[in-house]
Amino acid sequence: MSSVSVVIPCYKYGHFLADCVRSVLDEQPGLDVRVLIIDDASPDDSAEAARKLAASDPRIEVRVHETNKGHIATYNEGLLEWADGDYVVLLSADDRLVPGALVRAVALLDAHPEAGFAYGRPLRFRHGGPLPAARTRSTGSVVYPGHWWLERRFREGTGCITSPEVVVRTSLQRKVGGYDPGLPHAGDIEMWMRLAAHADVGYVAGADQAYYRVHGNNMSTTDFGGQLDDLRQRRAAFTAVLEKCADLLPQADRLAGLVDTRLARQALRRAYRAYDRGRTDVVPVEELVSLAKQWRPDAETLPEYRALRLRRRIGARVMPYLQPLVLSAVVDRGREWLWWRSWKRRGI
């Protein structure tokens with residue numbers, strides 16, 4: 001029987017713990033599962049809630065920090081110091097697993113020792129709302145070559161994983177080390193890529209693997225002022241992978257060029273969309289352009305820059321009214337039209 005160590009970091013999320021732990025211990029049959037709840041000096045009754053759960057089930061352990069150590073140190077404590085099962089999972093206290101998620105991921109990893117971790121589709125749900133219906137029957141699995149999967153991330157300039165849906169081979173987690181404290185907002189992206197540099201990547205198809213709660217306290221940055229930090233942190237994550245895995249990635253220069261191009265284009269896209277949405281007063285347009293030029297000195301040759309130049313000529317006050325009529329002589333027409341239609345439907 002395969003064993004799984006589940007690390008649940010908690011900070012002021014004690015009221016979510018019972019449901020989170022139940023999804024791990026009561027809904028994953030046929031596995032040897034243990035749980036460690038680490039309360040990072042929560043100022044509320046989260047530690048008390050964790051201890052109450054541990055008293056009711058010997059499979060649960062609890063650690064309570066006397067002072068707040070931060071999420072990265074808390075993650076690494078559980079992953080590197082405590083986890084000793086065949087596989088390890090990092091699950092935030094406000095998220096939960098889909099029934100059978102660990103069973104499906106472990107079956108994939110047991111069958112494919114070349115795979116270092118497995119993930120699947122997460123279901124996002126709004127805090128305070130009901131859980132969406134989940135698919136629990138897998139239609140199969142795929143194992144991607146690690147370096148192929150890694151290059152896809154560099155081409156796209158972003159991750160494709162939220163976090164709770166990932167199951168990692170514990171031996172590989174120890175080999176690559178813990179989360180990077182220098183990447184507080186992009187450490188997860190960097191971790192998945194670092195793992196992929198060392199091993200292949202498994203994907204559970206057909207079934208949903210985890211519930212990811214969306215609320216105001218999520219770590220992801222969505223405000224306009226945070227757009228610059230988001231891009232900088234992501235680039236720092238990609239750079240860190242190239243530095244840490246240099247001996248495994250002989251095409252590092254090409255990968256660096258791929259991600260610099262992608263992030264420069266994303267920066268410029270955010271800049272020109274500010275004109276489309278009438279938000280040039282809150283979106284840091286000039287800073288976004290500066291970043292794009294820093295990463296791609298020839299940024300003015302990119303189609304997104306030409307789109308921005310056109311919008312500047314039209315003007316920030318007029319552009320929101322004319323945007324539907326601008327049928328992209330400078331950016332892919334079909335893509336921009338489809339984007340506008342989806343934007344209009346969202347009512348932004």
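Just so you know, all these numbers are worked out from the coordinates, no wet-lab data involved. Because the structure is predicted, anything quoted here is derived from the model rather than measured. Reconstructed Cβ throughout: ideal geometry from the backbone, glycine too, with neighbour counts over all protein chains shown.
Extension gain for Tyr321 to Val282 (0.36 nm times residue separation, less C-alpha to C-alpha distance): 12.2 nm.
Among beta bridges from DSSP that stay inside the chain, the antiparallel ones total about 30%. A straight line joining the Cα centroids of the stretch 41-88 and the stretch 238-256 runs 34 Å. Note on Arg254/Ala18: beta-carbon distance plugged into 1/(1 + (r/R0)^6) with R0 of 51 Å gives a FRET efficiency of 0.55. Ranked from largest, the principal axis spans of the Cα set of the stretch 1-96 equal 38, 25, 21 Å. Derived from the Cα gyration tensor, the three semi-axes of the equivalent ellipsoid of the stretch 141-185 are 19, 17, 12 Å, largest first.
To make sure I understand, if each residue's beta carbon is the centre and we count other beta carbons within 10 Å, what order do Thr74, Thr158, Thr67, Thr301 fall in, fewest to most? Please list the in-between numbers first.
On the way: Thr74 23, Thr158 16, Thr67 6, Thr301 9.
Listing Thr74, Thr158, Thr67, Thr301 from fewest to most nearby Cβ atoms yields Thr67, Thr301, Thr158, Thr74.
Measuring r between the beta carbons of Asp32 and Ser56 and using R0 = 25 Å, the FRET efficiency lands at 0.85. To the nearest ten degrees, helix 146-156 and the longest principal axis of the Cα atoms of the chain are 40 degrees apart.
Simple spin-label estimate for Ala41 and Arg309 gives 5.4 nm between the two label positions (7 Å along the Cα-to-Cβ direction from each Cα). Fewest neighbouring Cβ atoms within 10 Å first, the residues Arg213, Arg121, Arg126 line up as Arg126, Arg121, Arg213.
Our estimate of slack between Trp148 and Thr136, defined as 0.36 nm per intervening residue step minus the Cα-Cα distance, is 1.5 nm. For the stretch 177-307, the square roots of the Cα gyration tensor eigenvalues, ordered a ≥ b ≥ c, give a/c of at least 1.5 with a/b no greater than b/c, which places it in the oblate category. Which of rounded, prolate, oblate describes the stretch 101-252, given a ≥ b ≥ c as roots of the alpha-carbon gyration tensor eigenvalues and a/c under 1.5 marking rounded, otherwise prolate only if a/b is larger than b/c? Oblate, since a/c reaches 1.5 and b/c is not below a/b.
Using only Cα coordinates, the Kirkwood hydrodynamic radius of the stretch 109-168 works out to 13.9 Å.
Taking other C-beta atoms within 10 Å as the exposure proxy, Thr139, Thr261 rank Thr139, Thr261 from fewest upward.
Note on the chain: Cα convex hull, mean projected area over all directions, 18.8 nm².
Listed by chain and number, the lysines whose alpha-carbon sits under 21 Å from that of Lys69, ignoring those within fewer than 8 places in the same chain, are Lys12. Per-residue ellipticity at 222 nm, computed for the chain from helices alone with -39500 (n - 2.57) per DSSP H run of at least four residues, works out to -14000 deg cm²/dmol. Relative to the current alpha-carbon distance between Arg174 and Cys160, full extension at 0.36 nm per residue lengthens the span by 2.8 nm. Comparing Leu172, Ala252, Trp192 along the charge dipole axis of the chain, the residue lying farthest to the positive side is Ala252, per the Cβ-charge model. The orientation-averaged shadow of the Cα convex hull for the stretch 11-154, equal to a quarter of the hull surface, comes to 10.3 nm².
Report, in debye and to the nearest 20, how large the dipole of the chain comes out about its Cα centre when Lys and Arg carry +1 and Asp and Glu carry -1 on their Cβ.
2080
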